[in-house]
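Below is one structure, written out as structure tokens, with a few remarks after it.
The values are calculated or read from the model by the stated rules, or taken from the named source; none is laboratory data. Given the structure is predicted, the values throughout are model-derived calculations rather than measurements. We place every Cβ from the backbone using ideal geometry, glycine too, and count neighbours over all the protein chains shown. Calculation scope for accessible area: heavy atoms of the full protein, side chains included, ligands and nucleic acids excluded. Shrake-Rupley method; radii C 1.70, N 1.55, O 1.52, S 1.80 Å.
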Amino acid sequence: QVQLVESGGGLVQPGGSLRLSCAASGIIFSIYTMGWYRQAPGKQRELVARITSGGSTNYADSVKGRFTISRDNAANTVYLQMNSLKPEDTAAYYCGALLNTIVLHWGQGTQVTVSS
């Protein structure tokens, strides 16, 4: 059974930092591109960052220079380090496992709220 379990969300003040983790099981983690997506109320889910099996990364323009995606294949885990958080970063954040650019598996999501 495939499971992607996100953790690390919470309430943070503007300018603060959070680190999200997504632990995968039931898949051959190392062959998947892993992605972080987010969905704010009333909006579509959007890509935040992706990292390929080879370690190449890409980011949404809105988070470039503030967020960093990384992976630890030995631990079957992908991370999202989020710095300089803004209120507009408030959303539910989801981990996705992709093959050929298609998300095959989703996590259940973790809420990030940026507010003073």
Looking at V48, is it in a strand (DSSP E or B), in contact (Cβ under 8 Å) with a residue 12 or more places away in the chain and open to solvent by 30 Å² or more (accessible area, probe 1.4 Å)? no
Determine if region 15-32 includes at least one residue that is open to solvent by 40 Å² or more (accessible area, probe 1.4 Å), farther than 24 Å from V114 by Cβ and either touching a Pro at 6+ places or on another chain (Cβ under 8 Å) or free of Cβ contacts under 8 Å to residues at least 24 places away in the same chain (or both). yes
Per the list (1) part of a loop (DSSP other than H, G, I, E, B); (2) open to solvent by 50 Å² or more (accessible area, probe 1.4 Å), residue check on G55 breaks on (2)
Given the options Q108, Q81, name the one that is part of a loop (DSSP other than H, G, I, E, B), within 12 Å of the chain's Cα centre (by Cα) and more than 11 Å from Y37 (Cα to Cα). Q108
Only one of (1) closer than 18 Å to S21 by Cβ; (2) surrounded by 12 or more Cβ atoms within 10 Å (Cβ to Cβ) does not apply to L99, and that is (1)
